[in-house]
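Remarks on the structure that follows.
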Amino acid sequence: MEKLDENTLESWLDNVREYAFDGHVADYIPALSKQNPEKLAVSIYYLDGECVYAGDHQECFTLQSISKVISLALALIDNGEEYVFQRVGMEPSGDPFHSIYRLEQHRPSKPLNPMINAGALAVTNMIRGQNADEKVGRLLSFMHEMTDDRTININEAVAESEFQSAYLNRSLLYYLRQHDVIKGNIEETLDVYTKQCSIDVNVCQLSRIGALFANEGRDLHSNRQIIPKHFARICKTFMVTCGMYDASGAFAIKVGIPAKSGVSGGVMASLNHFGGISVYGPSLDKKGNSVVGLKLLEILSNRYDLSIF
Ligand code: GLU
């Protein structure tokens with residue numbers, strides 16, 4: 001297909017702008033409730049290294065659940081596939097991301113997949129490092145490596161806000177600790193998790209990571225293998241089966257591109273032989289996906305026949 005230029009992207013944004021009024025910004029993490037629901041940005045990072053973008057492309061937003069793909073890649077690199085999937089399953093849950101009840105249904109207890117919070121917390125607990133600071137430092141370095149951008153950092157206000165209000169994630173961690181799914185100190189794992197969720201990015205940086213996954217884990221510019229191909233494939237497969245919360249099935253039908261969303265309103269999509277696409281629009285639907293992000297990806301996918309199916 002022909003490459004989209006920035007004017008075309010800008011006009012697609014104008015077509016979907018009004019959908020922002022159909023949703024609400026997340027407020028269960030107090031700092032996220034301050035986001036402006038009308039912010040809107042999109043970026044495409046092509047495999048040849050060209051990046052096009054439109055809208056509020058300089059606006060930073062926190063990764064939130066999009067970070068689950070990144071921590072999974074790092075945990076796989078650190079521990080290997082067998083170790084990771086002894087502790088976390090591979091099946092979609094069909095439940096909301098912070099649901100606790102399926103943990104009770106399996107013996108021995110095992111979170112269903114790394115994209116729901118229980119699984120993501122277990123994955124974060126597997127990241128190597130002597131203490132929380134070292135683990136967070138390794139996650140940040142991994143982000144810098146993937147984007148070739150050392151300016152990426154943690155939004156401390158969002159991290160602190162989530163850490164103080166993460167009663168449900170704390171309960172998940174206590175449950176996982178009781179059943180030996182995770183090791184070590186609960187507050188430390190929660191600290192790493194809330195900081196990984198609070199890594200600040202803009203759409204261009206995020207689309208570059210999407211493109212790296214699309215490029216089988218190789219950096220687009222240096223061709224260096226940053227994530228082993230097989231692990232990049234595992235991550236993209238989870239993006240298809242459970243990347244868009246309990247709307248992943250509908251998203252696969254309507255859009256058909258591996259993607260992961262977060263409650264900040266970001267979406268990172270990754271399409272082999274094409275590149276990375278990212279969208280930011282903080283107004284969310286009831287499942288936690290960006291309403292404008294969903295609409296825009298649906299339009300782009302249909303217009304340019306991007307579905308992998
Ligand atoms: N930090 C958020 C949480 O665990 C991430 C949720 C999300 O983006 O789905 O509640």
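May I ask which of Lys34/Lys68; Lys229/Lys295; Lys3/Lys295 have a Cα-Cα span longer than 27 Å here?
Check vs 27 Å cut-off fails for Lys229/Lys295.
If N is the number of residues in region 105-222, what value comes out of its Cα radius of gyration divided by 2.2 N^0.38 Å?
Dividing the Cα Rg of region 105-222 by 2.2 N^0.38 Å gives 1.14.
If packing is taken as the mean number of other Cβ atoms within 10 Å per residue, what is the order of 285-294, 73-82, highest first?
In descending order of packing, they fall as 285-294, 73-82.
If you line up the Cα atoms of region 190-240 on their principal axes, what length do they span on each, largest first, in Å?
32, 22, 20
What residue among Ser71, Ser141, Ser198 shows peak mean-square fluctuation when the chain is described by a Gaussian network model with Cα springs under 10 Å?
Looking only at Ser71, Ser141, Ser198, the largest GNM fluctuation is found for Ser141.
For Ala232, what charge total do you get from the other residues with a beta carbon under 10 Å from its beta carbon, if Lys and Arg give +1 and Asp and Glu give -1?
Summing Lys/Arg as +1 and Asp/Glu as -1 gives +3.
Give a quick list of trypsin sites (Lys or Arg not before Pro) in region 94-197 that DSSP marks as loop, anything other than H, G, I, E or B, with at most 14 other Cβ atoms within 10 Å.
Qualifying residues, ordered by number: Arg128, Arg150, Lys183.
Considering the Cα trace of region 251-309, what is its radius of gyration and what is Dmax, both in angstroms?
10.6, 32
Counting each DSSP H run of 4 or more residues in the chain as -39500 (n - 2.57), what helix-only mean residue ellipticity at 222 nm follows after dividing by all residues, to the nearest 500 deg cm²/dmol?
After summing the helix terms and dividing by the residues of the chain, the value is -13500 deg cm²/dmol.
Treating only the Cβ of Lys, Arg, Asp and Glu as charged (+1, +1, -1, -1), what charge dipole size does the chain show about its Cα centre? Round to the nearest 20 debye.
Using only the charged Cβ atoms, the result is roughly 920 debye.
With 10 angstrom as the radius, rank Ile154, Ile116 by how many other C-beta atoms surround their C-beta, starting from the fewest.
Fewest-to-most ranking of Ile154, Ile116: Ile154, Ile116.
Packing-wise, with mean Cβ within 10 Å as the measure, how do 27-35, 107-115, 205-213 rank, highest first?
205-213, 107-115, 27-35
At each listed q (0.08, 0.13, 0.14 Å⁻¹), what is the log10 of I(q)/I(0) that the Debye formula gives for the chain modelled as equal alpha-carbon point scatterers?
Calculated log10 I(q)/I(0) at the listed q: -0.30, -0.84, -0.99.
No value in this document is a laboratory result; all are computed from the given coordinates. The structure displayed is predicted, hence computed values, not measured ones. Ideal geometry is used to build each Cβ from the backbone, glycine not excepted, and the neighbour counts take in all protein chains shown.
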